[in-house]
Ligand code: ADP
Ligand code: MG
């Protein structure tokens, strides 16, 4: 049984333990991996993530009152509030809710608001019980947060008859994460989790939120994506993220553009003359990374997946040397994977730890994984968690 199949059983069993009844249905949404386009989202640029074959499941039943109760396999204690109280809780009093429950309750809050904006009387939305189980590992850079938001949003959209689009549900997930949880993230993860498709990526313009499903063709080409979770998270990640954002804003201001998205590689010579070296290198990363996303989409279409290896490699080099967010563990994972025969490799996610990905021939996966594990042991690093992921469908109703 796959981890997602277990989560499906676990969510339904948990629902029955909680309520004594069977759920009316179950819905699920996947985690994601970002193939290329790092730290471009908050610069209004381009990203290219895909949904993965690990999902969070929400088993849901309706209640005859106007209360919402959530429970997760993470926590034996359910959390219950009146739907009418959600507006008073978020965002001002979110601290009264245990952190994990802010994700599903925040989604309910955001959707209730979206329903109101669409002219629905919120009092027409009935109470629900939601039991959650997940096959997406937490904190491994695979966005378990977008998965729990997407599963909850898709379920409530159906149960409440809201008929909101996948993009509107992604926005509700982001609002939950930003305002109900308090995490200042972009919308990439939610878009990937909502819109994913088997063997395809989501090419997303973070300014217009226009999204295109782009065939990856990994399966046809016999390629796999290997994830190396270094299981290292550096303490300065929060401060480092803020510093990078500030440098990007400074660079855009100096160049007189609304966001770094508005620059092209041809502007970099001028940028070098106008700003200090650190700011320049931050700008150079973002501007070249946007270009690499555009090139990856173009090359995939023209020449197929083997042609993007060099772009993955170049993306990593830029994060290491320009943006300075890699770590010795990530560099070792990437270099070793490449030497062992990967088509291309890069760190993925915000940096300062987390995971790297490598595009690898199916026949070489075991060899590359073993090489990375051996290199980590030889360097005295803790053992990484190495596994494959497959580009998969986005959020949907399971049964
Ligand atoms: P990630 O990179 O995995 O998205 P985040 O910190 O953004 O890491 O989100 C992880 C948090 O999301 C968890 O700490 C928990 O609060 C919440 N979460 C994710 N999945 C579940 C779940 N199945 N049940 C309860 N909470 C969950
Ligand atoms: Mg997250």
Q: Could you tell me which residue of region 41-52 is surrounded by the fewest Cβ atoms within 10 Å (Cβ to Cβ), considering only residues that are over 16 Å from residue 212 (Cβ atoms) and more than 16 Å from ligand 1 (Cβ to nearest atom)?
A: 44
(Q) Looking only at region 122-170, count every residue that is within 24 Å of residue 52 (Cβ to Cβ) and more than 16 Å from ligand 2 (Cβ to nearest atom) and tell me the total. (A) 14
(Q) Anything in region 321-330 that is part of a helix (DSSP H, G or I) and touching a strand residue (DSSP E or B) at 6+ places or on another chain (Cβ under 8 Å)? List them, or say none. (A) 329, 330
Q: For region 79-91, indicate whether the set of residues that are at pLDDT 95 or above, within 16 Å of ligand 2 (Cβ to nearest atom) and surrounded by fewer than 24 Cβ atoms within 10 Å (Cβ to Cβ) is non-empty.
A: no
Q: Say whether the condition of being at pLDDT 95 or above, over 22 Å from residue 117 (Cα atoms) and within 16 Å of ligand 1 (Cβ to nearest atom) is met by at least one residue in region 195-206.
A: yes
Q) Of the residues in region 252-270, how many are without any contact (Cβ under 8 Å) to a residue 12 or more places away in the chain and outside any helix (DSSP H, G or I)? A) 2
(Q) at pLDDT 95 or above and either in a loop (DSSP other than H, G, I, E, B) or in contact with a strand residue (DSSP E or B) (Cβ under 8 Å, 6 or more places away or on another chain) (or both): is that true of residue 345 in this structure? (A) yes
Q.
Which count do you get for residues in region 90-115 that are over 20 Å from residue 27 (Cβ atoms) and either within 16 Å of ligand 1 (Cβ to nearest atom) or under 23 Å from the mean Cα position of the chain (by Cα) (or both)?
A. 8
Q: Kindly list the number of the only condition in (1) under 17 Å from the mean Cα position of the chain (by Cα); (2) in a loop (DSSP other than H, G, I, E, B) that fails for residue 218.
A: (1)
Q) Counting only residues that are out of contact with any helix residue (DSSP H, G or I) (no Cβ under 6 Å at 6 or more places or on another chain), part of a loop (DSSP other than H, G, I, E, B) and touching a residue at least 60 places away in the same chain (Cβ under 8 Å), how many does region 111-146 have? A) 7
**Q.** Of the criteria (1) crowded, with 20+ Cβ neighbours inside 10 Å; (2) in a helix (DSSP H, G or I), which one residue 306 fails
**A.** (1)
Q. Does residue 359 satisfy the condition of being in a strand (DSSP E or B) and at pLDDT 95 or above?
A. yes
Q | Where residue 169 falls short, out of the listed (1) more than 17 Å from the chain's Cα centre (by Cα); (2) more than 16 Å from ligand 1 (Cβ to nearest atom); (3) buried (at least 23 other Cβ atoms within 10 Å of the Cβ) | A | (1)
(Q) Being part of a loop (DSSP other than H, G, I, E, B), at pLDDT 95 or above, farther than 30 Å from residue 281 by Cα and in contact with a strand residue (DSSP E or B) (Cβ under 7 Å, 6 or more places away or on another chain) is true for just one of 21, 7, 54, 59. Which residue is that? (A) 21
**Q.** Of all residues in region 175-197 being within 12 Å of ligand 2 (Cβ to nearest atom) and farther than 19 Å from residue 40 by Cβ, the one that is surrounded by the fewest Cβ atoms within 10 Å (Cβ to Cβ)
**A.** 181
Q | Close pairs (6 angstrom Cβ cut-off, 6 or more residues apart or separate chains): free of Cβ contacts under 8 Å to residues at least 12 places away in the same chain in region 18-34, in a strand (DSSP E or B) and surrounded by fewer than 18 Cβ atoms within 10 Å (Cβ to Cβ) anywhere | A | none
Q. What residue, of 150, 182, is within 16 Å of ligand 1 (Cβ to nearest atom), farther than 22 Å from residue 65 by Cα and in contact with a helix residue (DSSP H, G or I) (Cβ under 6 Å, 6 or more places away or on another chain)?
A. 150
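The values are calculated or read from the model by the stated rules, or taken from the named source; none is laboratory data. Since this is a predicted model, take the numbers as computed values, not measurements. In this analysis, Cβ positions are derived from the backbone assuming ideal geometry, glycine residues included, and neighbour counts consider all displayed protein chains.
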